[in-house]
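Notes for the one structure printed next.
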Amino acid sequence: MKIIFTFQPKEEFVSDLKNSFPEVGFLFYKKIKEAENELPNAEVIVTMGEDLTDDHIEKSANCRWIMVTSAGLEKMPFEAIKKRGILVTNARGIHKIPMAEFTIGLMLQYAKQLQSVWKQESDNVWSRRLPTSELHQASLLILGAGAIGGEIARLAKAFHMRVVGVNSSGSPVEHFDSMFTLETFTEQLPHADFIVSVLPSTAKTKHLLKVEHFEQMKDTAVFINIGRGDLAEESVLLEASGKKLIGHMYLDVFEKEPLPKGHPFWLNKGITVTPHLSSITKKYMPRALDIFKKNLTTYSKKSEGYINVIDAERGY
């Protein structure tokens with residue numbers, strides 16, 4: 001069996017894979033372009049999920065399984081994959097701990113006005129008049145009540161926050177006080193102190209939020225997007241911030257990445273930009289490869305019970 005990686009893991013991970021599966025022929029490439037000549041021979045392709053095209057799938061005549069070592073799938077060529085009947089799995093679930101911690105960190109940073117504290121410190125200013133607040137009993141609306149949203153909700157409950165969630169069905173989920181759908185969540189916008197999106201990119205979620213949604217929010221509300229950058233058009237976010245419809249925005253994801261120098265988001269005082277790092281920690285790759293190893297064992301045994309099988313029709 002030949003397995004091609006379209007990215008280069010650290011040597012410690014390479015060694016672990018080779019030692020764990022000595023019967024497998026692993027090939028590691030820094031970029032997909034370097035791997036193109038070997039694609040026709042690959043039975044399994046391991047990718048970060050942003051480099052495969054229809055042409056690559058066509059060349060991969062022997063491919064039976066694609067492992068995506070991330071949760072994001074919006075750039076995957078699913079039409080070509082579907083035609084070939086290729087199994088796709090991903091690393092869904094490994095992001096919940098770092099992304100939940102990141103979100104709580106941003107909420108605490110805002111409540112305790114830490115950016116202003118750091119500014120005062122750099123300016124040698126001693127002032128205790130910052131308008132700090134608490135997360136205690138604040139209202140949190142989470143758009144996307146899956147693994148990540150559920151972990152954010154669990155941690156928020158430690159601060160006794162009121163947590164409302166949004167999922168496709170509106171069915172109850174642990175750690176949420178109540179649930180809504182994409183069709184009904186707007187009734188909660190006027191009540192939320194924090195609105196966090198972890199929604200994937202789908203036909204239903206693309207450009208979901210409009211200016212009128214921000215108009216319904218509290219003028220003190222904080223919007224945090226760690227899901228996908230196409231949830232709202234850039235013009236919508238800039239208009240909402242420019243009109244000061246809400247208190248602040250924290251944006252970790254964007255329609256075009258990396259965000260270019262001089263972009264209005266960088267210069268807007270009502271927006272804090274973070275470079276799509278909410279899920280990145282030193283534990284990211286070990287967790288992703290652990291799922292891959294378990295699935296590889298299942299694949300080698302021609303068994304059932306793969307972790308995180310993706311529906312190519314739906315794209316998630």
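The values are calculated or read from the model by the stated rules, or taken from the named source; none is laboratory data. Since the structure is predicted, the reported quantities are computational estimates derived from the model, not experimental observations. Using ideal geometry, Cβ is built from the backbone for each residue, glycine included, and neighbour counts are taken over all protein chains shown. Just the protein is used for accessible areas: all its heavy atoms, side chains included, with ligands, DNA and RNA removed. Shrake-Rupley method; radii C 1.70, N 1.55, O 1.52, S 1.80 Å.
Miscellaneous remarks
- Test result for residue 134, outside any helix (DSSP H, G or I), open to solvent by 80 Å² or more (accessible area, probe 1.4 Å) and in contact (Cβ under 8 Å) with a residue 12 or more places away in the chain: yes
- Residue 50 touching a Lys or Arg at 6+ places or on another chain (Cβ under 9 Å), assigned to a loop (DSSP other than H, G, I, E, B) and open to solvent by 40 Å² or more (accessible area, probe 1.4 Å): yes
- Qualifying residue in the range 271-287 (condition: modelled with pLDDT of 95 or more and over 30 Å from residue 10 (Cα atoms)): yes
- Restricting the range 216-252 to residues that are polar (S, T, N, Q) and under 16 Å from residue 197 (Cβ atoms), the residue that is surrounded by the fewest Cβ atoms within 10 Å (Cβ to Cβ): 216
- Count of the range 125-166 residues, restricted to those that are of a type in the set (Phe, Trp, Tyr) and either under 15 Å from residue 102 (Cα atoms) or in contact with an Asp or Glu (Cβ under 9 Å, 6 or more places away or on another chain) (or both), is 1.
- Scanning the range 150-160 for residues that are surrounded by 14 or more Cβ atoms within 10 Å (Cβ to Cβ) and among the hydrophobic types (A, V, I, L, M, F, W, C) gives 152, 153, 155, 156, 159.
- Lone unmet requirement of (1) free of Cβ contacts under 8 Å to residues at least 40 places away in the same chain; (2) open to solvent by 20 Å² or more (accessible area, probe 1.4 Å) for residue 97: (1)
- Qualifying residue in the range 55-65 (condition: under 22 Å from residue 284 (Cβ atoms), surrounded by 18 or more Cβ atoms within 10 Å (Cβ to Cβ) and not small (Gly, Ala, Ser)): yes
- Test result for residue 147, small (Gly, Ala, Ser), closer than 20 Å to residue 174 by Cβ and surrounded by fewer than 22 Cβ atoms within 10 Å (Cβ to Cβ): yes
- Count - residues of the range 161-207 that are within 30 Å of residue 313 (Cα to Cα), open to solvent by less than 30 Å² (accessible area, probe 1.4 Å) and either basic (Lys, Arg) or in a loop (DSSP other than H, G, I, E, B) (or both): 6
- Verdict on residue 92 being farther than 30 Å from residue 72 by Cβ and either crowded, with 19+ Cβ neighbours inside 10 Å or more than 23 Å from the chain's Cα centre (by Cα) (or both): no
- Answer residue from the range 106-128, given it is out of contact with any Phe, Trp or Tyr (no Cβ under 6 Å at 6 or more places or on another chain) and touching a residue at least 60 places away in the same chain (Cβ under 8 Å) and is surrounded by the most Cβ atoms within 10 Å (Cβ to Cβ) among those: 110
- Subset of the range 68-85 that is farther than 21 Å from residue 276 by Cβ and hydrophobic (A, V, I, L, M, F, W, C) - its residue that is farthest from the chain's Cα centre (by Cα): 80
- Residue ID - nearest to the chain's Cα centre (by Cα), chosen from residues in the range 253-283 that are open to solvent by 30 Å² or more (accessible area, probe 1.4 Å) and closer than 30 Å to residue 305 by Cα: 280
- For the range 17-35, taking the residues that are part of a helix (DSSP H, G or I) and buried (at least 16 other Cβ atoms within 10 Å of the Cβ), the one that is nearest to the chain's Cα centre (by Cα) is identified as 32.
- Any hit, the range 79-102, residues being of a type in the set (A, V, I, L, M, F, W, C), within 22 Å of residue 3 (Cα to Cα) and in a helix (DSSP H, G or I): yes
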